[in-house]
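Below is one structure, written out as structure tokens; comments come after it.
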Amino acid sequence: MLDLKVMVLTAMMTGSVVGASADNKFDYADERFADLQMLRYKVEGFEQLSLKQKTFIYYLQEAALWGRDILWDQNCKYNLRIRRVLEEVYKAETRVRTGNESDNEEFKAFETYLKRVWFSNGIHHHYGCDKFVPGFSSGWFMRRVHACADSFKDVQGGLDSLLQEVCDAIFNPNILQKRINLTEGVDLIKTSASNYYEGVTQAEAEEFYEKQKAEGDALRPVMYGMNSRLVKDASGRIYEKKWTVNGLYGSAIKHIVDNLLLAREYAEDDKQKEVIDLLVKYYRTGDLKTFDDYSIAWAENTEPLVDFVNGFIECYGDPLGLKCSWESLVNFKDLVATKRTETLSANAQWFEDHSPVDKSFKKEKVKGVSAKVINAALLAGDLYPSTAIGINLPNSNWIRREYGSKSVTIGNITNAYNQAAKGNGMRDEFVLLDSDKEILEKYADVCDELHTDLHECLGHGSGKLLDGIDPDSLKAYGSTIEEARADLFALYYLPDAKLVELGLTPNADAYKAGYYAQMQNGLMTQLVRIQPGKNLEEAHMRNRALIAHWAFEHGKADNVCELVKVNRKTYLRINDYEKLRVLFGELLAEIQRIKSTGDYKGAQALVEEYGVKVDPELHKEVLERYAKLNIAPYKGFINPKYTAVKDKNGKITDVKVSYNEVYAEQMMRYSTLYSALPLVNE
Ligand code: ZN
């Protein structure tokens, strides 16, 4: 899983500032629209790489960019059609502009809508999952489309039927309302607009995969259903359409494979060539055993400086948590920062042995948690433009158990967030005491980094399932519980003397900044990302709320934390940090028990009680205070642009990286150069 989208927010909420390494000339913050702020990240160290490494990265980023359309279609089946129409209207603007004021207003609203669609890889909010409400009229839109009708000559079935579909999808508020619906008690597939199932009910899909699981290897199960759409044909037969070179999305996957094979020539060692070979074989066959072979080879290939993720990875987009969205990350090691995480990993067994969870749920031997800090060279698919700041893969539980996992923190992304968040006013608005502000000022950064490292390097790799427990027992609550487990592992150890001993934290009080940030975020400040009247849906946000509310409630008798009102503003006060650690330890033990024993009812009770509901009064207050600060709640990144310098024979002699492409330009370039899929993928 790729996580910690929320973690960074904590840093920004507490206004943490990263110091001296900043390059003042680089503009980390770029344009802003709707609830979004575009940022840029710097590919630190790229120029120092060898030509071979640069060339390797060049082909890997090409392979990454070719997957873009897959995610668009996965997110909703109308997305590619919609994008095509929107982009034609956008391109034609300078030609058809009338110049009158209402026309200008409509176009401005249209442009914002298009940028939001670009950002979300589709018509639903990337985080909240609700369909966007366009600020322009359907009449204006249709006139604009007809004004550039000649751009649609190639469209099968003609422009009229395409436009009808697209207008319905954009303007009809009663269809495609949510990309992912996780509300209990309704058919999650029927009520989700994502494109992972066609014509099947939730019950039919669950039955289909229960059967596969029952017939398959229980000890080392493949990830059933992860690389296909499940469909029901007219005769009632239910089957998978696999995403392969010759299957669904084949015309995009073919380009991915071609570029992976070009990259292969520049791989850093033979093992890495084997990794690419297995990935290519898997893209060709769709065979899930091959995917497991690939995942093992990839997890074990820790030596090379340059590495990549490329494939169907994230299961957050499927309400049943089976189907994986496409993504790619091209990266290389940050050697200095890696030292920090290697220290943690080298002591992984100590942390496992001393954790407060029941002995029967602990790993006797914690294996192969490889830890490193990387710099992103390119983000793509479900990691673009909104990205995680840490990675822990592969996802398969038995591979993690037997072969370990690769765990990385994306250093240049974290740094970019922190640089861009300087002085955003959050800390002054939401922290009451000067003493708390001071602790945050001094230690929020180091705690944030350390929390991420503990979460990724140790948290996800800790604990074990009891024999015979189905890893998917917790169903829709699985992701929230897993994130809570990793976060609690980090929170429990943040104050530990071991970290001082290992030289990872400056002193015994520094953890207080991390505790304050966690509680403040989970109880209050993360609510800035939720619309009034809505509940928490996203796994990381639910996990944050669960931990904070549980600890708050269970510490009430001892007044561990309190919410105080000053001038009608609510503030968090933590009165007993040591007791708070005890509470985190207790919850960690309980969450690990739920995970280890596959206690669905226990997971449901915890998540529904503490992780879902929002106090409407507090929510309203937080939104009002936040609105005054005028900060965009969501951030995403514009990629750098790579240009290959080639000789007469087409051989790459250098690779240049540049950062001056504006967002719309980047989106139009990607649409022009990397669109391989038809508008309809069935
Ligand atoms: Zn995580």
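Brief remarks on what is shown
- Evaluated at q = 0.14, 0.18 Å⁻¹: base-10 log I(q)/I(0), Debye formula over Cα of the range 226-266: -0.43, -0.59
- Taking the charge dipole of the chain about its Cα centre, with +1 at Lys and Arg Cβ atoms and -1 at Asp and Glu Cβ atoms, the residue from ASN395, TYR266, SER360 reaching farthest to the positive side is TYR266.
- Whole-number D in µm² s⁻¹ for the range 420-511, Kirkwood Cα-pair radius fed into Stokes-Einstein, 10 °C, 1.306 mPa s: 103
- Alpha-carbon geometry of the range 13-161: the Rg and the Dmax are 19.8, 59 Å, given in that order.
- Peptides 469-481, 646-658 ranked from most to least packed by the mean count of surrounding Cβ atoms within 10 Å: 469-481, 646-658.
- Considering helices alone, the calculated mean residue ellipticity of the chain at 222 nm is -14500 deg cm²/dmol, with DSSP H runs of length four and up weighted by -39500 (n - 2.57) and normalised per residue.
- Within the range 327-483, percent of DSSP bridges classed antiparallel, to nearest 5: 65
- Relative contact order (percent, whole number), the range 384-446, Cα cutoff 8 Å, 6+ residue spacing: 24
- The peptide list 538-546, 308-316, 452-460, 127-135, put in order of mean Cβ contacts within 10 Å with the highest first, becomes 452-460, 538-546, 308-316, 127-135.
- The chain - percent relative contact order, Cα under 8 Å, separation 6 or more: 20
- Loop trypsin sites (Lys or Arg not before Pro), the range 228-300, which have at most 15 other Cβ atoms in a 10 Å radius of their Cβ (DSSP): ARG237
- Considering every alpha-carbon pair of the chain, the percent of pairs per 10 Å bin, from zero through the bin containing the longest distance, is 3, 15, 26, 28, 19, 7, 1, 0.
- Debye log10 I(q)/I(0) at q = 0.15, 0.25 Å⁻¹ for the range 622-676, Cα point scatterers: -0.67, -1.01
- Net dipole in debye of the chain [+1 Lys, Arg Cβ; -1 Asp, Glu Cβ; about Cα centre; nearest 20]: 880
- When the range 574-614 is described by a simple charge dipole with +1 on each Lys and Arg Cβ and -1 on each Asp and Glu Cβ, the residue from PHE584, SER596, VAL612 located farthest towards its positive end is SER596.
- Only Cα pairs under 8 Å and 6+ residues apart enter the sum, and on that basis the relative contact order of the range 428-583 stands at 25 percent.
- Computed P(r) (all Cα pairs; the range 85-224; 10 Å bins; percent): 10, 31, 28, 16, 10, 4, 1
- Shape annotation for the range 246-346: C-alpha extents along the principal axes are 44, 37, 21 Å, from largest to smallest.
- Cα point-scatterer Debye curve for the range 488-566, base-10 log of I(q)/I(0) at q = 0.15, 0.25 Å⁻¹: -0.64, -1.20
- Ordering GLY321, TRP350, GLY381 by Cα displacement along the dipole of the range 321-418 toward the positive end leaves TRP350 in first place; charges were set at the Cβ atoms of Lys, Arg (+1) and Asp, Glu (-1).
Bear in mind that the values in this text are calculations on the coordinates, not laboratory data. Since the structure is predicted, the reported quantities are computational estimates derived from the model, not experimental observations. Every residue, glycine among them, receives a Cβ derived from its backbone with ideal geometry; neighbour counts consider all protein chains shown.
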